[in-house]
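The values are calculated or read from the model by the stated rules, or taken from the named source; none is laboratory data. Bear in mind the structure is a predicted one, so any value in this text is a computation, not a measurement. Counting neighbours? That spans all protein chains shown, and the Cβs are built from the backbone with ideal geometry, glycine included. In case anyone asks, the SASA skips ligands and DNA or RNA and just uses the protein heavy atoms, side chains included. Shrake-Rupley method; radii C 1.70, N 1.55, O 1.52, S 1.80 Å.
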Amino acid sequence: EGGHGPYQPHEPGYGLDQPAYSPYEDEIPDPEARMLAIKNAKAYLLKTSTKSGLNLYDHFATILTKILDEQPTNTVDIIETISQDVKWAQFRKKMDTLRDEHVIPPTFEAAEKFKALFVKEGEEEDREELDEEMPALPNVMETAFYFEQAGIGLSKDESYYVFLAFKNLINVQPIQTCRFWGKILGLEMNYIIAEVQLREGEEEEETGEEGEETVVEGEKEMGEGEEEDEQKEKEPEPPKSTYKPPPEIPKEANGTGTNKYVYFVCNEPGKPWVKLPPVTPAQIVCARQIKKFFTGRLDAPVVSFPPFPGNEANYLRAQIARISAGTHVSPTGFYQFPEDEDEEEGADTYEENPEFEPPPVAEMVDSLATWAHHVKGILKQGRCVWINPAQKSEENEEEDVEEEEEEEEEQQEETGQPLLTLISEDEGMKGIPAWTAQASTNLIPEYSIAILQSNRWPGAYAFASGRKFENIYFGWGHKYNPESHSPSLPPPAETEFPIDPGITETVDPTVEEEMAFKAAQEEALAEAEEEEEEEGEDD
């Protein structure tokens, strides 16, 4: 008669709110309601979770069993931890109806990637011969140690993987000298770059093979051209264009200028090394006008305006040449020009100065005059050494002497900064200096090293400690621009053909004008027929 209260018969707790019931009394007024409440409560606890697949009833039972078995101290303080441990113990992987899912641990995947770097090939005698003939392997770990003091570089594991990858590169390629250039970041993958010099004769053989291929291709084109000429003799020739494209600027020879070094790249240590092609002046000139992120795929196209002459491998090689020319520095006096050659003649030749005395770290930090460029700058033409593109062969010189004189007057020879120029002469960027020098630590200045950072190419660093110095780059391969990058605009639209009276399009006649024109033609025909008839009668 008193009602059921807030609980319904199908809800948990039904029957516990009766006025005659008390949990401290032994007598239960309504056993049937009590059993119904217990069943409803148990049914609620047995509801399975849609996320984990567990239910609260079994979870509580497992927790109590674990507590009673282990009997830990201060159970009430660690009940949350026990509940979490029980959940982790009951965690189940996703299963397939046919075969269990095989999950590869990430540590195993990482170990498989670098497994090839730790494989030793050959016997001990072969390895001894290789060690004798092997060129100076760059000590990547020592370089990483010095840059680590300034918070620059890769992790120790990755540095050691790069060290092993360089050893594999030297064993495969005919390399004379090798250096860790740096790491350029990409959207999908990164590039680890090695700067090498091949042994004498290797580059010449490659250029010779390329020359033979070009000769064969030229012969094929000549043969095809003769066949096309025979077909064109039968057909009338179309009008020829009088446009003369600008002369193509030749690339610098291997071992000189922008192609002084050869570069190998790989996405990760352990993957195969890929040799980058030589860079051309047209690629460097175009790379200065665009700004693109690297993808990590060498065969990826470079979509830009102006159009880049090549794919991502050529764009990467152009950016490497630009960064090297602007950021590779050394302590002043460490290199000197050979005695046989003057400063102007020996453009790319220098040698170490055996009498060099390193300045103290404090002086190298305070004065930028203690650093110098040991890589020649790139001219606006895209080369380190200027060349006159108007030069022609000796046969054409006699015919076009006057034209050449006019072109030579117009074109002026470009001159850049000479080799071993002090970095204190570099221009800044709207109040921002081109370089920033600092010590690795101020707490222990006796054991600090000098760190030089390029503000023009963010990510380019150099260190100097005594007679040891090194240059390295870690970045996206972009030059700093104080203003936002604005791409080049397309050329203006071509002008229309000049309008003359004889070329102007006539206005369409109206219907009345057409009818009048037809009537005039008919009258003229009729008069001509009458005149012919009169002449016939006279005859």
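If each residue of separation counts as 0.36 nm, what is the full-extension length gain between residue 30 and residue 349 once their alpha-carbon separation is subtracted?
104.2 nm
At 0.36 nm per residue, minus the direct Cα-Cα distance, what do residue 69 and residue 50 gain on full extension? Give it in nm, one decimal, please.
My answer for the length gained is 3.9 nm.
Assuming R0 = 35 Å, can you tell me the calculated FRET efficiency for the pair residue 39 and residue 76, based on Cβ-Cβ distance, to the nearest 0.05?
0.75
Given 0.36 nm per residue, what is the gain on full extension from residue 292 to residue 156 after removing their alpha carbon distance, in nm?
Going from the current span to full extension adds 46.0 nm.
Probe radius 1.4 Å, ligands and nucleic acids left out: which of 137, 117 has the largest accessible area, and how do the rest follow?
From most exposed to least exposed: 137, 117.
Suppose each label sits 7 Å from its Cα in the direction of the beta carbon; what would the residue 385-residue 512 distance come out to in nanometres?
Each label point is offset 7 Å from its Cα along the Cβ direction, giving 8.2 nm.
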